[in-house]
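Enquirer: Quick one: the structure is below, and I'll ask about it shortly.
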Amino acid sequence: DEALDAIDLSAYALVVWIAGEESTFDSTFTASEQRSLRNYITNGGTLWVSGSEIFWDLDQQGSADDKSFAKEVLGSSLASDDAGTYFAQGEGLLAGITLDFDFASGAIYDVEWPDVLESENTPIARYSTGGVAAIIHENGVTFGFPFETIIDLNERAQIAERLLIYLLPEYEPPEITDTADDTGFERKS
């Protein structure tokens, strides 16, 4: 996000915004970032956003402009600040995929407060406690927890492939194979 002011977003078909656990202390989306991203989607861009405190920051603690950005650009508001679980199940576009982000089972960090989303948009994942974990909306996709914490690399790759094909109709996914190296996947030649 620090480089956003120096980038011409119109050159990109998709912006992936990984907020992790940024919250009110870090400001998940500054006013300047909100203006840039709102302009980007107004001009046909697509966003893939994930993070566990985005809606706590914007919707619960934010200004009227923050709340508007959350609802209009990210497609949601906050139903609850804590899902009370580290597990979600895909539905719709992500049907059949389990989204396990439990630190005790191997997630890269502990997601302390996964946001439960409140939205009129289409859910694509629901927490094991019943709340909405991720949605597809007019401007893209929004996750209420950090995508990078999903433990299983194959599940992460399946989710990314399904979302990229949906969000970018021109996208052709590479063929991938499971490998023993640090990346988990490599492009077939």
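The values are calculated or read from the model by the stated rules, or taken from the named source; none is laboratory data. On a predicted model such as this, the values are computed, not experimentally measured, just so you know. Cβ placement follows ideal geometry from the backbone for every residue including glycine, while neighbour counts extend to all protein chains displayed. Areas reflect the complete protein model, heavy atoms only, side chains present, ligands, DNA and RNA absent. Shrake-Rupley method; radii C 1.70, N 1.55, O 1.52, S 1.80 Å.
Enquirer: Remind me, relative contact order of the chain in percent, using alpha carbon pairs under 8 angstrom and six or more residues apart?
Expert: Reported as a whole number, the value is 20 percent.
Enquirer: For ARG35, ARG156, ARG162, give the ranking by accessible area with the largest first, probe 1.4 Å.
Expert: If we order ARG35, ARG156, ARG162 from most to least accessible, we get ARG35, ARG162, ARG156.
Enquirer: Continuing with this model, one more query. Taking the Cα atoms of the range 71-180, report the difference between the largest and smallest coordinate on each principal axis, in whole Å and largest first.
Expert: Principal-axis extents of the Cα atoms in the range 71-180, largest first: 38, 35, 20 Å.
Enquirer: Which shape class, rounded, prolate or oblate, goes with the range 20-104 when its Cα gyration tensor gives a ≥ b ≥ c as root eigenvalues, a/c under 1.5 marks rounded, and past that a/b bigger than b/c marks prolate?
Expert: Note, shape of the range 20-104 comes out oblate.
Enquirer: Let me have the relative contact order for the range 76-173, percent, based on Cα pairs under 8 Å that are six or more residues apart.
Expert: Over the range 76-173, the number comes to 28 percent.
Enquirer: Further question: For the chain, what is the accessible area per residue in Å² when the probe is 1.4 Å?
Expert: Roughly 51 Å² per residue, with all protein chains present.
Enquirer: Would you mind putting 7-16, 77-86, 166-175, 39-48 in packing order, based on average other-beta-carbon counts within 10 Å, highest first?
Expert: Descending mean neighbour count gives 77-86, 39-48, 7-16, 166-175.
Enquirer: Moving on to the next point. For the chain, what is the percent of antiparallel DSSP beta bridges, rounded to the nearest 5?
Expert: The antiparallel proportion sits near 70 percent.
Enquirer: Based on the alpha-carbon gyration tensor of the range 61-136 and its eigenvalue square roots a ≥ b ≥ c, which shape applies: rounded if a/c is under 1.5, prolate if not and a/b is larger than b/c, or oblate?
Expert: Because a/c hits 1.5 or more and a/b fails to exceed b/c, the range 61-136 counts as oblate.
Enquirer: Also: In debye, nearest 20, what is the charge dipole magnitude of the chain about its Cα centre with +1 on Lys and Arg Cβ and -1 on Asp and Glu Cβ, if you could check?
Expert: 620 debye
Enquirer: Would you please classify the overall shape of the chain from the alpha carbon gyration tensor, given that a ≥ b ≥ c denote the square roots of the eigenvalues, rounded means a/c under 1.5, and beyond that prolate means a/b larger than b/c while oblate covers the rest?
Expert: Here the chain falls in the oblate category.
Enquirer: For every helix of n ≥ 4 consecutive DSSP H residues, a contribution of -39,500 (n - 2.57) applies; sum these over the chain, divide by its total residues, and give [θ] at 222 nm rounded to the nearest 500 deg cm²/dmol.
Expert: -6000 deg cm²/dmol
Enquirer: Quantify, in whole percent, the carbon and sulfur part of the accessible surface of the range 65-121 (1.4 Å probe; protein heavy atoms only).
Expert: Heavy-atom surface of the range 65-121 belonging to carbon and sulfur, 1.4 Å probe: 48 percent.
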